[in-house]
Structures are given as structure tokens and as C-alpha cells.
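Below you'll find the structure, written out as C-alpha cells, and then a few comments.
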């Protein structure tokens, strides 16, 4: 495993990871840029409404993309060998997105009010928010395809452009809607929607002028045949990710929902950093497997190792700084969110193990087994939440979320072994993962309730202690990497 750190420190990999991390942070940066605005102009209840709008947008995004972003990534390398194949593939996928959007527009026109009332009661009225959320979802769906196109072609400049254009439009529109128009939650949703539309429409007109308009039934058949299982996978995954807010909308008021949503925004940098690293290494992994590279197992293990290393570092890094950061960027209304952050942070372990142990099933097109991961974890999470919410209140939500996320990682590992892959050892960094879970649970059971305790200082000293253990545990890795880097420098010098 000495090569793990060397691969992780590879300059090109670090550069790609850094860029993808910055781009992955763009939605969060938008939230943080607007956070002082939110705390000044929006109540916690308004923040809860904005959160519900984001949840609705996430479902529309899945239904509109229809798994085509995954299909595009897989078939990109096939059509790379065909003359003008990539332009045809990209055009067909983008036009498919627009066609699907038209179908949903008709459905919402006739039944939007009933659908929104069923999902959100009166918290998110369709007549006020519905069409703006829908239009935003269409643009974001197109952006997902374009992001995958530039990512797999390793065109980092275009990846940056694809992410930055809607970011600036959305952020500027949100500020205008909240501050200048004083529109509250509605101003935030409407402003972001109009801003991203105005910024993106010229971009896509230029793109279609370059790649052309194509209708290829063979491509349509292939991409939809591959993509449709992902719709169920993504819907179940998203339901697992958002069921906490769906339940909270029915059992708690919008203020509590807003504080909970704020806590999730604070934790989201870990997810973004993890996903950014994953985006940067998957092209290398896909290429190694598709070309049957003799070192493919080593390449997979090196890149998969980085998933856990990043997860451990980022979880404890966040726990260490969360108290002063929240007090700096938000007013006192939101300070109680600090108490919930460590619990939400450890749920990222489930995500880390899930993406590691579903890589092979995804690449080898054995995705029909993957819904089991999310179905079982969803049943566990929702079941525990509904069972306990009347007796222990919001703590039932946290228990359900932790149980749901961690069970996903365990189930993904079981399926990976059952399919006969098992490319990554489960014991790698496991003691540190278990230690993290133990410390967090002990804090909530005993430490945080001590009278006069300063949670920020407790988190700081525990994080420093953990980082020392992390260094000692990986001492051999670091030593081996150091000598290899020294040897390489000698060769370069000679």
C-alpha cells in the first residue's frame, strides 16, 4: 500500500483533484456567499423553504436526466473511435434531455398543484415556486451531461467554464431576489432560476451550433437501455438522502427544518471533496479497466485508497473548525447547528464505502443489483425514523440517517464480494474509521452534556489527537513515499 500515498501525491492527480474540488465547491460557495444574506434577510423558516425547494429540484433533476449522464460516460469511449461520434452522442443526449423535459412540463401543467400539495403540504406552493424550480432543473440537467463530456475528455478548462457560468448567474440572481427585491424565500428561488437561465441559454446556443442536431435511433436505443436502471437507483438513493427532510416537513416546523438544513450545508464540503476526488480518478480507472491494463488492480487500489484517506481527514478537519466557522459566518440563530454537525459528518463513511464498492458493478454494467443497497438502507432509515420520532423527536432523524448511510456501505461491500470482484481490502484504515465512530458517539452520550463544556475546544483537541494517530498509523506509507520521492528527485537531477 506504499504506492497509495505516492499515487495520492502525484502532481497531475493533485491538480485534477484540486480543480474538481474547487468546482465541486461551487454550489456550496454559492450557499456560503449567500449565507450572510440568508441570515440577515431570511428567517430560519425561510431557510427551511429554500431547503425544500432544493429537495424538489433534486428529484426533478433525476427524472429529467433519466440516468443519461451515466450512459454518456460509458458510451463516450465507444463513440470516440467513430468519426464525429462524440458530437452525435452529445447532441442526442442533450436533445433527449429537452424531450423528457417537455413531457414533464405537460404533467406539471395539469397536475403540478396536486403533486406539490401531496409532497409538501402547504410549505412549498406550486403556483409560487413550481415553474421556477422546474426551469432550474432543466438547465442543471443539461449541465450534468456537459460536465461529464468535458470530464471524461479531461478538458479541465471547459469543465471549469461549465460550472462557473451557472454559478455566477445563480448567485447574482439570488442576491438580487433576496436583497434588492426583498423577496424572501421566493426571491431566492426565483432569482437563482432567472439568473441561471440568462447565463446558460447563450452558452447552449453556441454549443448546438458547433456540434449540430442529430437524431440517431441506434444511439437512443443504446443510451436509454443502459440508463433506465439508473433512474430507479438515483431515485431510491435520493429518497434515502432526502427522506429526513421529507419526514421533518411533516413532523417539525420550518424553523427546525431550516436549522437542520443549515447543518447539512456545513457538512457538505466533505461530500464535495470526496466526489471531486472521485471525479478526478474515475477516468484513469475506467481507462485502465477498459484497456485491460496489466496493472489495473494496482491502479484501482491506489485510487480507491484515496477515498478513505480523504474521508478521514476531511471529517476530522471539519469537526475541528466547525465551531468558530459557524460563529463567524452565521448569526446566533444558527449557532446551535454546531451541535449536530459531527453526527452528520460520520454519515459520509457510508458514502465513501458505497462509491468504492460499486465501481466494478457500475463499469461492468451489473447495475441491476445496486438498487438493493439503497432499498434496504432506505427501509431501515425510514423505518427507524417513523418508529422513534414520536418518542425522541429530532434524534430519531439523526439515528435514521446514520443507520441508513452506514448500511449502504456495508451492503455495497457484500454485493461487491458476491459478484466476485473484491478489488479493495476492507481492513484498510478500518481501525481509524471505527475509532472515529466511537469518539463521536461517546461525545454525544457523555461529553457534550457536561455542564460548562466548550464543544469547540473538545472537538479541537480530539481532532489533533486523531491526526497524530492517523500519521502514526500510516507512518510506513509516508516513509516509503518519502524515499521514493527522494529517489525520483535524484534521477531527475542526474
Only one of 38, 75, 59 is more than 19 Å from the chain's Cα centre (by Cα), within 30 Å of residue 334 (Cβ to Cβ), in a helix (DSSP H, G or I) and at pLDDT 75 or above; which? 38
Select, from 372, 380, 411, 437, the only residue that is at pLDDT 95 or above and under 22 Å from the mean Cα position of the chain (by Cα). 437
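Quick grid of which residues meet (1) crowded, with 18+ Cβ neighbours inside 10 Å; (2) in a helix (DSSP H, G or I); (3) touching a residue at least 24 places away in the same chain (Cβ under 8 Å):
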residue	(1), (2), (3)
378	yes, yes, yes
384	yes, yes, no
402	yes, yes, yes
410	no, yes, yes
416	yes, yes, yes
422	no, no, no
Tell me the helices (runs of 4 or more DSSP H) entirely within the stretch 295-372 that contain at least 3 residues that are under 20 Å from residue 39 (Cα atoms) and in contact (Cβ under 8 Å) with a residue 12 or more places away in the chain. 296-329
Can you say whether residue 456 is outside any helix (DSSP H, G or I) and modelled with pLDDT under 95, as far as the supplied structure shows? no
Does residue 53 satisfy the criteria of being part of a helix (DSSP H, G or I), buried (at least 20 other Cβ atoms within 10 Å of the Cβ), touching a helix residue (DSSP H, G or I) at 6+ places or on another chain (Cβ under 9 Å) and modelled with pLDDT of 90 or more? yes
Hey, residue 260 touching a residue at least 60 places away in the same chain (Cβ under 8 Å), crowded, with 22+ Cβ neighbours inside 10 Å and within 20 Å of residue 394 (Cβ to Cβ) or not: yes
Of all residues making up the stretch 386-397, the number that are surrounded by 20 or more Cβ atoms within 10 Å (Cβ to Cβ) and either in contact (Cβ under 8 Å) with a residue 40 or more places away in the chain or on the phi > 0 side of the Ramachandran plot (or both): 2
Leading residue by the ranking (nearest to the chain's Cα centre (by Cα)) among those in the stretch 178-193 that are assigned to a helix (DSSP H, G or I), surrounded by fewer than 24 Cβ atoms within 10 Å (Cβ to Cβ) and without any contact (Cβ under 8 Å) to a residue 40 or more places away in the chain: 187
Give just the number: which of (1) in a helix (DSSP H, G or I); (2) surrounded by fewer than 19 Cβ atoms within 10 Å (Cβ to Cβ) does residue 292 not satisfy? (1)
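The values are calculated or read from the model by the stated rules, or taken from the named source; none is laboratory data. Computed from a prediction, not measured in an experiment: that's the story for all the values here. Glycine also receives a Cβ, built like all others from the backbone with ideal geometry; neighbour counts cover every protein chain displayed.
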